[in-house]
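Accompanying notes for the structure given below.
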Amino acid sequence: MLPFSIVPRRLTDEINVPGFLRRRPLYDELEALRQAEVNGDPLPTPIYFGDNPVFQIRVNGTLVPFDQIVICDISDISATDWRRPAATLPYTPVGGGPVVNKLIALSLDPVRGRIAFPTGITPDSIEVSYTYGFSADVGAGPYDRTDWLTDPQNGPAPFQASPRWQVGVSQELTPVPGVIFPTIAAAVKGWNSQPAGTTGVIAILDSRTYVENLTGADSITVPDGSLLLIVAADWASQREPGSTPSSDLDPNGLRPHLHGDLAVEGTAPAGSANPGEFFIDGLLLEGSLTVLTGNLGTLGVSHSTITPGGSLDILASGSSGSNNDGLIVSLYRTICGPITLPASVPAVNTVDCIVTSGPASSELAAAIAAPGSVLDLQTTTVFGTTAGRIVSAGNGIFTGIVTAERHQTGCVRFCFVPDSSETAARYHCQPDLALIGVTSLSARAAILARLRPQFTSLDFGQPAFAQLSARCPIEISTGDENGSEMGAFSFLQQPQRRVNLLAALDEYLRFGLEAGMIEQT
């Protein structure tokens, strides 16, 4: 056994921590690869481009070899073009010999997120496979959502129903009439032709981008008694020819992207005891989700992202049967742009969510505008103002003013709520708790200036979006009712993990030593 002092350890190299990809290490690795090929040497051990590469690129359906990719700064050279790579690059063998021109298919900039091709080359299609980082399993992502979808109490009912109408959408599988569709709009058309009372599932079977607007003639219709779920999930029996037919779905490893707007209309008659229900799970929607005038009973959005540039809007006409006056809106572990509801919508529920007023996450703009709704917002981070008829909240963060029309009903517990908010009774909230007994105006001003949530990033495109900063006041970072942080990432229980780890380390330290923690990123 090697002495402890010389045991090889590589726990703090750049590749071992969840940081941003930099140009230099990727450039060096691919340059070394090309030089080794020219020299005739054994290929260097890959770091970023091994069995689990940081990215892969297909051009016109063909995988681009790594030795044909150049990593560089792809900056603008004009108002209409970027820096482009040369079609070949010269390399001189180390042992001597003629210059070898290596073919270059494209250049890539991991910082700017750009791909450029040599002059004169315009591909028909580009597909990129990559890994991205985020603080937790919130929003659309390829993480496993099986436990949620199969939960008999909370999961969407269509996923658990049997028998059910079920179809798939894929850009990879060969279309099968009535079963596998090439577009979401085609699958929606199939659903819209089903009779009232149908329970259906539209499974998106890949992580491709679907540039479609499911609006107008392509909008989704949910009749009286019908239930529909659009879910990111694989359908193994359709992917594997000859396998036993099955409707089993695997909601793991996929993050489909709908680039466009989505509209849904509930067509149940006024006073229906069982208006339709519509669910989305695992979808990245770069656009707006709109419930059209009508009568929809439930809108459930889980493990999904409606980008801050989009929105969640509910429409009402003001007349019976088209006012969505029985609609319950529920969000679970979802990132959502601004939410706007008419006074007729009765309730909005969120759990482990991030709701933002827009791309800037301004605390002055409206994030939730629901003047007639009862809001139940649990472990939710809201960037912007919140308004509702009754506001109940727990373990959340509100960066903008919260306004409840009724103050006698509801309760706000263990939350950060701006000081001038108008809500029902608040219990153990900040900065209220810190201001107890403080009468000096200057002292109050100092507390209000210090005791505000601080975030690592307010930029939706960053992996640390909505994550509490290490500089965040401890009253917020451990202000949850169970000692965790307030907001959407409360369920991670990071403060408890830190305390437990330090307590365990103390048991194994030599006398006189103390354990400390240094965050990797």
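The residues of the range 348-362 that are free of Cβ contacts under 8 Å to residues at least 40 places away in the same chain and not aliphatic (A, V, I, L, M), listed by number, are Asn349, Thr350, Ser362.
Among the strands (runs of 3 or more DSSP E) confined wholly to the range 151-248, which include 3 or more residues that are surrounded by 16 or more Cβ atoms within 10 Å (Cβ to Cβ) and not aliphatic (A, V, I, L, M)?
Result: 165-169.
Residue check: Asp67 meets all listed conditions (1) without any contact (Cβ under 8 Å) to a residue 40 or more places away in the chain; (2) surrounded by 11 or more Cβ atoms within 10 Å (Cβ to Cβ); (3) within 28 Å of the chain's Cα centre (by Cα) but one, namely (3). Considering the conditions (1) touching a residue at least 12 places away in the same chain (Cβ under 8 Å); (2) farther than 18 Å from Leu254 by Cα; (3) hydrophobic (A, V, I, L, M, F, W, C), Val128 is excluded by exactly one of them, (2). All of (1) surrounded by fewer than 17 Cβ atoms within 10 Å (Cβ to Cβ); (2) hydrophobic (A, V, I, L, M, F, W, C); (3) assigned to a strand (DSSP E or B) hold for Val94 with one exception: (3). Considered as a group, the residues in the range 474-497 that are in contact with a Pro (Cβ under 8 Å, 6 or more places away or on another chain) and in a loop (DSSP other than H, G, I, E, B) include one that is nearest to Arg333 (Cα to Cα), and that residue is Gly487.
For Tyr427, the conditions (1) at pLDDT 95 or above; (2) in contact with a helix residue (DSSP H, G or I) (Cβ under 8 Å, 6 or more places away or on another chain) are fulfilled apart from (2). I need the full set of residues from the range 193-211 which are more than 17 Å from Asp281 (Cα to Cα) and touching a helix residue (DSSP H, G or I) at 6+ places or on another chain (Cβ under 9 Å), in order please. Listed by number, the list holds a single entry, Thr198. Once the range 474-517 is narrowed to residues that are of a type in the set (Asp, Glu) and either surrounded by 11 or more Cβ atoms within 10 Å (Cβ to Cβ) or in the same structural domain as Phe414 (by TED's automatic domain parsing) (or both), the residue that is modelled with the lowest pLDDT is Asp506. If you take the residues of the range 97-125 that are among the aliphatic types (A, V, I, L, M) and part of a loop (DSSP other than H, G, I, E, B), which of them is nearest to Arg255 (Cα to Cα)? Across the range 97-125, the extreme among qualifying residues is Val111.
For the residues Ala203, Ala236, Ala232, Ala263, the requirement of being modelled with pLDDT under 95 and among the aliphatic types (A, V, I, L, M) singles out Ala236.
The rows are residues; the columns are (1) closer than 26 Å to Arg255 by Cα; (2) in the same structural domain as Leu228 (by TED's automatic domain parsing); (3) at pLDDT below 95.
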| residue | (1), (2), (3) |
| --- | --- |
| Pro308 | yes, yes, no |
| Gly318 | no, yes, yes |
| Tyr332 | yes, yes, no |
| Gly337 | yes, yes, no |
| Ile354 | yes, no, no |
| Ala367 | yes, no, no |
| Pro371 | no, no, yes |
| Val374 | no, no, no |
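Every condition in (1) under 21 Å from Asp459 (Cβ atoms); (2) surrounded by 19 or more Cβ atoms within 10 Å (Cβ to Cβ); (3) of a type in the set (A, V, I, L, M); (4) more than 19 Å from the chain's Cα centre (by Cα) is met by Ile354 except one, and the failing one is (4).
Can you confirm whether the range 270-286 contains a residue that is farther than 18 Å from Thr340 by Cβ, at pLDDT 95 or above, aliphatic (A, V, I, L, M) and not assigned by TED's automatic domain parsing to the domain that holds Val355? Within the range 270-286 (the criterion being farther than 18 Å from Thr340 by Cβ, at pLDDT 95 or above, aliphatic (A, V, I, L, M) and not assigned by TED's automatic domain parsing to the domain that holds Val355), the answer is yes, since at least one residue qualifies.
The residues in the range 129-150 that are among the β-branched types (Val, Ile, Thr) and surrounded by 16 or more Cβ atoms within 10 Å (Cβ to Cβ) can be counted, and the count is 1.
When the range 112-128 is limited to residues that are surrounded by 11 or more Cβ atoms within 10 Å (Cβ to Cβ) and within 13 Å of Thr62 (Cα to Cα), the one that is nearest to the chain's Cα centre (by Cα) turns out to be Val128. Evaluating Phe278 against the criteria (1) crowded, with 24+ Cβ neighbours inside 10 Å; (2) part of a loop (DSSP other than H, G, I, E, B) leaves one unmet condition, (2). Say we look at the range 298-317 and pick out the residues that are touching a Pro at 6+ places or on another chain (Cβ under 8 Å) and surrounded by 22 or more Cβ atoms within 10 Å (Cβ to Cβ); which of these is farthest from Pro158 (Cα to Cα)? The selected residue is Pro308.
The values are calculated or read from the model by the stated rules, or taken from the named source; none is laboratory data. Since the model is a prediction, treat every value here as computed from it, not as a measurement. Note that each Cβ is placed from the backbone with ideal geometry, even for glycine, and that neighbours are counted across all protein chains shown.
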